[in-house]
Amino acid sequence: MTTPGRDPGLQPERTRLAWRRTTLSCTVVALLAVKQALHAGAGPAAIVAVSLSALAWLGFLRVAHLRVLGMGTARPRPLSARGALTAAACTVALAVFAAAMLF
């Protein structure tokens, strides 16, 4: 008895769209950090926070891009532990840097 091929259905498409939405949200947070720094007078702390926010955004963008590309195959591999940890760390870092910009 042979196993049937994977029925991709809409799950890979929903996953790609979720990664794209999350990337868009991270982009908005990074841009708001830049806007806040420019309006608050970019002191040394603000410049560091914006720079770290941009670095966290780039890290998340890379993980999301690789995941979206991986979802294009007939049998996508699960997200690696390293990829999941990187995405989570970048998300938490963006939240911390955004909070730091407020104080």
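Across region 92-103, what is the number of residues that are at pLDDT 80 or above and surrounded by fewer than 16 Cβ atoms within 10 Å (Cβ to Cβ)? Walk me through it before giving the result.
If we filter region 92-103 for residues that are at pLDDT 80 or above, which is where we start, we get 92-96.
The next check asks that each one be surrounded by fewer than 16 Cβ atoms within 10 Å (Cβ to Cβ); those that pass are 92, 95-96.
Going through region 92-103 one residue at a time, the tally reaches 3.
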Positions within region 39-91 being closer than 17 Å to residue 27 by Cβ, touching a residue at least 60 places away in the same chain (Cβ under 8 Å) and open to solvent by 50 Å² or more (accessible area, probe 1.4 Å), in sequence order: 91
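The values are calculated or read from the model by the stated rules, or taken from the named source; none is laboratory data. Bear in mind the structure is a predicted one, so any value in this text is a computation, not a measurement. Reconstructed Cβ throughout: ideal geometry from the backbone, glycine too, with neighbour counts over all protein chains shown. Each accessible area value is taken on the protein alone, full model and side chains, heavy atoms only, with ligands, DNA and RNA left out. Shrake-Rupley method; radii C 1.70, N 1.55, O 1.52, S 1.80 Å.
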